[in-house]
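Okay, so here's the structure we're looking at.
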Amino acid sequence: MAPKQIAELFLLAALWGGSFFFMRIAAPELGPIWLIESRVVLSGLSLLPLLLYKGLANQIPKYWRSLLVVGLLNSALPFSLLAFSSLSLPAGTTAILNGTVPFFGVAVAYVWLREPLGPNRIAGLVLGFSGVVVLVGLRGTAITAEVLLAIATGLCAALMYAIAAPFIRIHLQGVPSLVIATGSQLSAAICLLPLLPFTRPAMPPSQPVLLAVVGLAILSTSLAYILYFRLIHSVGSTRALTVAYLIPLFAMLWGALLLQEAITVSMVAGSALILLGTAIANQVIRLPNRPSSKP
């Protein structure tokens with residue numbers, strides 16, 4: 001990749017890593033559902049003018065059923081689950097759990113798409129699972145039911161992303177990325193709408209929370225999507241997806257700098273194992289082949 005593209009990759013990781021910082025600020029006051037509804041509405045509406053400018057708005061009614069499913073699996077559910085996790089976990093820990101998306105992607109591809117599991121992928125899955133165990137077992141705080149539930153919802157969010165990816169590949173092949181992004185964000189808003197009356201915040205949001213919501217929607221969603229699609233176009237999807245390995249690092253950095261969250265041994269060790277296992281499972285890193293024995 002050219003230096004400009006590498007800079008864009010790091011900027012994208014910083015934006016997506018910042019989403020966990022924004023959620024950590026806003027979720028306790030707004031609650032997960034109202035926070036994510038605000039996120040997807042603002043991000044969808046901010047992408048809509050670009051969609052209209054490019055003359056792609058007519059694509060949304062054509063694919064509305066698939067976009068509704070993607071909005072549920074790729075935005076409404078995982079965004080809400082991660083926002084719930086952020087109520088109890090540091091931003092860095094939530095981002096590390098989200099970093100298991102490619103890890104779950106390998107398992108989903110095996111079950112759904114019948115993609116074979118070779119020794120590299122099995123080794124990667126074992127390493128990634130070990131990382132989650134280390135992340136849970138070596139935390140500096142007590143392991144309460146609330147913390148375990150937050151970890152479970154973070155992992156469920158990663159699973160939702162992993163399920164959504166092959167669905168998009170099968171049902172939205174060839175559909176412009178901007179159409180998928182805009183349609184899925186607006187669809188996610190529709191999915192969460194019935195829950196709003198039952199999850200109303202106790203008080204109006206403060207100014208820091210409003211700024212966090214705007215940052216989450218505009219910077220970590222709309223701008224990040226545009227930058228991501230630009231990278232896919234310039235360097236290809238495989239290289240663009242390497243951003244997943246940088247997001248937890250930036251999330252831990254933002255949490256430490258702006259929220260004074262501690263970077264613990266469990267976070268470093270767990271993230272290293274998860275990212276290494278994910279890289280091996282997705283063949284970013286290849287284990288040496290065993291020499292075959294001669295008869």
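Please treat every number below as a calculation from the coordinates, not as lab data. Keep in mind the model is a prediction, meaning the values are calculated, not measured. Cβ: placed from backbone, ideal geometry, glycine included. Neighbour counts: every protein chain shown.
A few remarks follow.
- Debye equation applied to the C-alpha atoms of the stretch 1-98, log10 I(q)/I(0) at 0.11, 0.20, 0.21 Å⁻¹: -0.44, -1.07, -1.10
- Other residues lying with their Cβ under 15 Å from the Cβ of residue 107 contribute a combined charge of +1, Lys and Arg counting +1, Asp and Glu -1.
- J(HN,Hα) series, the stretch 214-231, from Karplus relation 6.51 cos²θ - 1.76 cosθ + 1.60, nearest Hz, glycine and proline x: 4, x, 4, 6, 7, 7, 7, 10, 5, 4, 5, 4, 4, 5, 5, 5, 5, 5
- Using θ = phi - 60° and Karplus 6.51 cos²θ - 1.76 cosθ + 1.60, couplings along the stretch 46-63 (whole Hz; Gly, Pro as x): 6, 7, 4, x, 5, 4, 5, 4, 7, x, 10, 4, 5, 6, 5, x, 5, 10
- The chain: mean projected area of Cα convex hull, nm²: 17.9
- The stretch 26-102 and the stretch 141-208: distance between their alpha carbon centers, rounded to Å: 5
- The slack in the chain from residue 123 to residue 170, taken as 0.36 nm per residue of separation less the alpha-carbon distance, amounts to 14.2 nm.
- Cβ-derived FRET efficiency at R0 45 Å, residue 202 paired with residue 115, nearest 0.05: 0.45
- Along the chain, counting only trypsin sites (Lys or Arg not before Pro) with a DSSP assignment other than H, G, I, E or B and at most 12 other Cβ atoms inside a 10 Å radius, the longest segment between sites is 115-285.
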